[in-house]
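Written out below as structure tokens is the structure these notes cover.
FYI, it's all coordinate maths here, none of it is from the lab. Quantities reported herein were computed from a predicted structural model and do not represent experimental measurements. FYI the Cβ positions are ideal-geometry reconstructions off the backbone, even for glycines, and counts take in every protein chain you see.
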Amino acid sequence: MKLKDLYNAYPALTKLAGQDLPLPELYRLSRILRTLEGDIRFFMEQRNELFRKYGAEQDGEIVVLPEHAEKFAAEMDELGEIDADVDAEKLGLPMELSAENAGSVRLSYNDLQMLCGIVELKEE
């Protein structure tokens with residue numbers, strides 16, 4: 001799994017963690033989150049470094065300068081394409097939500113797309 005995919009999935013994972021799920025699924029989700037947090041933190045730290053390297057502060061935010069946009073984009077792509085060291089088997093990925101308990105989970109279509117490869121809906 002690529003670092004950019006983990007980073008993009010993190011908000012949906014935390015949203016899922018806030019749902020009422022059966023304890024076994026909550027436990028598996030907590031293991032997944034704990035394991036992925038290091039990779040996500042690394043991605044965020046490196047992304048912030050790139051913003052500092054190629055950007056300047058404007059109105060309280062760091063914005064990439066136009067003359068550095070190509071270099072920034074290339075390095076962001078390189079960062080995002082790094083394979084995360086995630087052992088899917090060890091984590092119990094994918095996490096399965098049965099139709100029975102999936103009805104109580106409130107996720108958007110975009111959330112579900114970001115969770116592909118991590119969470120699957122299974123039909124019983």
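Might you report the magnitude of the Cβ-based charge dipole of the range 12-51 about its Cα centre, with Lys and Arg at +1 and Asp and Glu at -1, to the nearest 20 debye? Kindly include the intermediate steps, with their values, before the conclusion.
Details: 6 positive and 6 negative charges, 16 e Å.
Roughly 80 debye, rounded to the nearest 20.
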Positive-pole candidate from 58, 42, 76, dipole of the range 25-84, charges at beta carbon
42
Can you work out the Karplus-derived ³J(HN,Hα) for every residue in the range 58-72? Use 6.51 cos²θ - 1.76 cosθ + 1.60 with θ = phi - 60°, whole Hz, and x for glycine or proline.
9, 6, x, 10, 8, 10, 5, 6, x, 5, 10, 4, 5, 5, 4
Starting from the amide H of residue 2, placed 1.01 Å from N in the peptide plane, find each other amide H under 5 Å away whose residue is 5 or more places distant or on another chain.
84
